[in-house]
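Working notes for the structure below.
The values are calculated or read from the model by the stated rules, or taken from the named source; none is laboratory data. Remember, predicted model here, so these are calculated numbers, not experimental data. Because the Cβ atoms are built from the backbone with ideal geometry, glycine has one as well, and the counts that use them run over all protein chains shown. To get the accessible areas, we keep the full protein, side chains included, count just its heavy atoms, and leave off ligands, DNA and RNA. Shrake-Rupley method; radii C 1.70, N 1.55, O 1.52, S 1.80 Å.
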Amino acid sequence: QVHLVESGGGLVQAGGSLSLSCAASRSIFGIRTMGWYRQAPEKQRELVAKISTAGSNYADSVKGRFTISRNNAKDTVYLQMNRLKPEDTAVYYCNVETSWSSYWGQGTQVTVSS
């Protein structure tokens, strides 16, 4: 069983930065995409950013502020979040997709104070 472990969440003031990381408990064969989603209270989970061999894409709300990257050798994905806004407050989940499986982390809280 593969587990994804996120780290790096916390409390930050608006305009600040946080960096999230997500590591797999063991090597994952056949990764297609790695990504980050978030879910704010009483809202649906939404895609923040994802990355594959074809490139990366971002939600419009985070373009220019967030950067996703990955370390293929370690099956780890990162999310650098700059110029954070209160509306970025949510639980952030990492996700890894293969051709036959989808893995999710347990989530890490990001809170941005105004």
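Couple of notes before you dig in:
- Selection within segment 4-34 - surrounded by 12 or more Cβ atoms within 10 Å (Cβ to Cβ), over 16 Å from MET81 (Cα atoms) and touching a residue at least 60 places away in the same chain (Cβ under 8 Å): LEU4, VAL5, ALA24, ILE28, ILE31, ARG32, THR33, MET34
- Of everything in segment 67-110 that is among the charged types (D, E, K, R) and closer than 14 Å to SER25 by Cα, the residue that is least open to solvent (accessible area, probe 1.4 Å) is ASP75.
- Condition met for SER113 (within 20 Å of GLN1 (Cα to Cα), in contact with a Leu (Cβ under 9 Å, 6 or more places away or on another chain) and surrounded by fewer than 16 Cβ atoms within 10 Å (Cβ to Cβ)): no
- Pairs where the first residue, in segment 66-86, is within 11 Å of CYS22 (Cβ to Cβ) and the second is part of a loop (DSSP other than H, G, I, E, B) and aliphatic (A, V, I, L, M), C-beta under 6 Å, 6+ apart: ASP75/ILE28
- Search result, residues across segment 35-66 that are more than 16 Å from TYR103 (Cβ to Cβ) and open to solvent by 70 Å² or more (accessible area, probe 1.4 Å): PRO41, GLU42, LYS43, GLN44, GLU46, THR53, ALA54, ASP60, LYS63
- One residue stands out in segment 26-50 among those that are of a type in the set (A, V, I, L, M, F, W, C) and within 15 Å of LYS74 (Cα to Cα): the one that is modelled with the highest pLDDT, namely MET34.
- Positions within segment 51-67 being assigned to a loop (DSSP other than H, G, I, E, B) and either at pLDDT below 95 or of a type outside the set (Ser, Thr, Tyr) (or both), in sequence order: THR53, ALA54, ALA59, ASP60, VAL62, LYS63, GLY64, ARG65
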